[in-house]
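The values are calculated or read from the model by the stated rules, or taken from the named source; none is laboratory data. Predicted, not measured: the structure shown is a model, and the values here were computed from it. Only protein heavy atoms, including side chains, enter the accessible area calculation; ligands, DNA and RNA are left aside. Shrake-Rupley method; radii C 1.70, N 1.55, O 1.52, S 1.80 Å.
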Amino acid sequence: MNIKSHILFFTTILIASCNSNVRFTDYVDTHIGTGGHGHVFVGANVPFGFVQLGPTSLPQAWDWTSGYHISDSTVIGFSHTHLEGTGIGDLFDITVMPVTGKVLFARGEAVTEEMDAQAKENAMQSGLWSYADRSKEVSIPGYYSVPLTRYGIKAEMTASARVGFHKYTYSAAESGAIVFDLENGGCWDKTTETNIEAISDNAIRGYRYSTGWAKNQKIFFYAEFSKPFISFNVINKEVSDNIKMPLYARADFGKVGDGEKIMLKVAISPVSEDNAMENMKSEIPGWNFDKTANKAQKLWNKELSKIEIKTEDEDSKKIFYTALYHSMIHPALFNDANGDYRGSNDSTYRYEGFTNYTIFSLWDTYRAAMPLTTIIHPEKMSDIVNTMLHIYSQQGKLPVWHLMGNETDCMVGNPGAIVVADAIVKGVKGFDKEWAFKALKASVMLDERGQDLRKKYGYIPSDLYNESIANDMEYAIADGAVANAAEYMGKTEDAEYFRARSHSYRNYLDELTLLARGRFADGSWRAPFNPIESNHRENDYCEGNAWQYTWLAPQDFEGLRDFYGSNLKMIDRLDTLFSTSSILEGENVSPDISGLIGQYVHGNEPSHHIIYFYTMAGAPWKAAEKVREVLKTMYSTKPDGLSGNEDEGQMSAWYILSALGFYQVEPASTRFWFGSPIFDSATIRTGKNKFIIKTIDNSPENIYISSVILNGKPYKKAYIDYNDIKKGGKLVFTMNNKPVKWY
């Protein structure tokens, strides 16, 4: 079956199974973000599933943190866990490679142009790896296929939430086999303990413990083959002096005929091999590959249907639904079918009343991805908050960057507190608000990661702590969120305390330079001071410089405006941000500073709210101009169609919300500030309700909002309230080509 036949087949079964004629999956291009520094996952999965089954490539470098990059077509195997758009690599657990003939049990060595013919041949045989024929690759939501040229094997895969389903079609060979690789994890991940054993002539089980970004990761698996193997060999390799570990296993099937198919199901669990087996029984008990692929497609179509847009611009439709797809890969399910999961303290728990999740890139996602989740996945938000509260009970604080039950403490601030506070303020049901507030206070009051210095000095001194400005500003945002939650719950004293502490960032605002500048414990300013200097993770900022961090106070717009003196002066300074030179200086410029307009950096999260300050300052037409510029220049249908790391859905969530016409600037707020909608209409399903956005006189030239009507009445606010979106209704924008202020 060729590529067109595959797509036609899955399209046909999808049409037959859906009530709607709209096939939203048709607009998803999984290759957007596979070039540049997008770092997106490519493979088969279901929305928010534990399994992300897809190819893992040979390189172990920054642009391969998801295991795939458009510039490289090597495959060492198909792994069952992958990250999505992160800046650090991990996972790639339980890697499977179909092979023929003899192979070396190793990752292998890449072929380079500098090698002579013999060296290239040696490299080709140096491990399990094969080139993939990307010209015949098929990648659509819930299904992935690619031929492995070395072995003459066509690999196909689909998945359920906890089970990866493989189908391998062999060319004629004397020895066909499937190899399990427990050695090679994601980039900086290292195996610490393994087991793999056959329990029948078509079933195996085992586990892989590893350390890396997640210091104590444990994945258990159970696998079944559609054909009995004639032999099963475990390969032990030396991992240190006189210590060997079972790192590979080969299931041999003997002679295989041309076109012979062997299928494989692999279920994973964070708790036990037995639970993995039960996961398989629960989700994919049989061997109907097409049925499983069809079900995965239906699940994706259902989730993607939560926002239905209408536009004549096919590229923007493709970008939008691909963004929506990317926003639904993580957080990932992290409990077994029976409810068991592994907690942050390495103990096993059984959830009661909520579904447990993992992979929380919260420094990124609190800004747009989580607010988007609150709108279109309200049924999941209480589960996410309950997960975070149980993490708090297990580790003593809300999550910072949680990965497979491990707290990585990656990035700065207290982003988990922002997400929980936001849920409180938005009235999300299904969790204990008092327990949540207790977790908020406990988390932001800990004397760790610079908070002790902040309490002592009122800010984090730049001569005493690395990334002082970034840490303090993110802590201040979290404090602002906690203050909003306290106010919502009637806790006046707490609200006043945290509101005051949320102003700590003001200590860095330098009236001489009008920028956020490092300040020492004695109150003096850092000198010399270069606002365009970047030294990745080794100065006062985190993946940025003074120009971006000056604006990182979404919790205190009024305070930032007052620093500049007035709305007009703030607008003028924003103009300077976007018009100044994009030159960066330094010996170790952060690669995350990408997608520049002046010194605005769309490729990294600290800038994501800044454009909407224009609307808040009374110049919505300037916000409209910049929103349209970013939507047009920082997103495309090409493989390098993202301006920076996807970051677990945040880069995509910015596009989704901004394309709809609004964005949440303030943490733990119900206000979504207007920018410039680009679609003729959009229907957002918010649980049981529908919120309809209609754009009149929409065109590439008519980018400015001239009037707004909400539910048939003129609307004079510069933002839409979350509660109005949640309860459903109709928002009508009238657009025109002249800058105006309607509110």
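Derived scalar couplings between HN and Hα for region 237-247 equal 10, 6, 9, 7, 3, 6, 10, 10, 9, x, 9 Hz in order, rounded to whole Hz, by the Karplus curve 6.51 cos²θ - 1.76 cosθ + 1.60 (θ = phi - 60°), x for Gly and Pro.
Put simply, region 446-574 fits an ellipsoid with semi-axes of 24, 19, 12 Å; these come from the alpha carbon gyration tensor as the roots of five times its eigenvalues, largest first. Computed over region 337-464, the Cα gyration tensor eigenvalues convert (square root of 5λ each) into semi-axes of 25, 17, 13 Å, ordered from largest to smallest. Relative intensity of region 91-215 on a log10 scale, I(q)/I(0) at q = 0.09 Å⁻¹, equals -0.31, per a Debye sum over C-alpha point scatterers of equal strength in the absence of solvent.
Just need log10 I(q)/I(0) for region 531-622 at q = 0.26 Å⁻¹, Debye formula, equal scatterers on the alpha-carbon atoms, no solvent, rounded to two decimals. Computed log10 I(q)/I(0) values: -1.37.
In whole Å, how far is the Cα centre of region 148-163 from that of region 567-602? Each part reduced to its Cα centre gives a spacing of 44 Å.
Panel note: the C-alpha atoms of region 137-201, placed on their principal axes, show extents of 35, 34, 26 Å (largest first).
Could you tell me what a quarter of the Cα convex hull surface of region 392-449 works out to, in nm² with one decimal place?
Working: hull surface 16.6 nm².
The Cα convex hull of region 392-449, projected and averaged over all directions, gives 4.2 nm².
Note the angle between two axes, namely the Cα long axis of helix 378-395 and the longest principal axis of the Cα atoms of the chain, as a number of degrees from 0 to 90, rounded to the nearest 10. Around 80 degrees separate the two axes.
Would you mind telling me the antiparallel percentage of the DSSP bridges in the chain, rounded to 5? So the antiparallel bridges in the chain amount to around 95 percent. For Glu407, the amide hydrogen comes within under 5 Å of no other amide hydrogen, counting only partners 5 or more places away or on other chains and with H modelled in the peptide plane.
Proximity of backbone amide H atoms, modeled 1.01 Å from N, is registered between Gly586 and Ser534 at under 5 Å, excluding neighbours fewer than 5 places apart on the same chain. The C-alpha atoms of region 170-298 occupy a region whose extents along the principal axes are 43, 38, 27 Å, arranged from largest to smallest. Considering all different alpha carbon pairs of region 245-333, the Kirkwood hydrodynamic radius works out to 17.3 Å. Relative to the longest principal axis of the Cα atoms of the chain, the long axis of helix 289-304 lies at roughly 0 degrees. Short-range pairs are left out: with C-alpha atoms under 8 Å and at least six residues apart, the relative contact order of region 84-143 is 31 percent. Between the helical axis of 468-488 and the dominant principal axis of the chain, each derived from Cα atoms, what acute angle in degrees is found, rounded to the nearest 10? So the inclination is approximately 80 degrees. In summary, the convex hull built on the alpha carbon positions of region 605-713 has an orientation-averaged projected area of 8.1 nm². Shape summary of region 270-409, radius of gyration then Dmax from alpha carbon positions: 17.2, 53 Å.
When nucleic acids and ligands are ignored and a 1.4 Å probe is applied, Thr408 ends up with an accessible area of around 30 Å². Per the Debye formula on identical point scatterers at the alpha carbon atoms of region 177-236, with no solvent, log10 I(q)/I(0) at q = 0.12, 0.17, 0.21 Å⁻¹ is -0.33, -0.61, -0.83.
Averaging 1/r across all pairs of distinct Cα atoms in the chain and inverting the result yields a Kirkwood radius of 26.7 Å.
Any idea what the relative contact order of region 584-711 is, in percent, if you count C-alpha pairs under 8 Å spaced at least 6 apart? This gives 20 percent for region 584-711.
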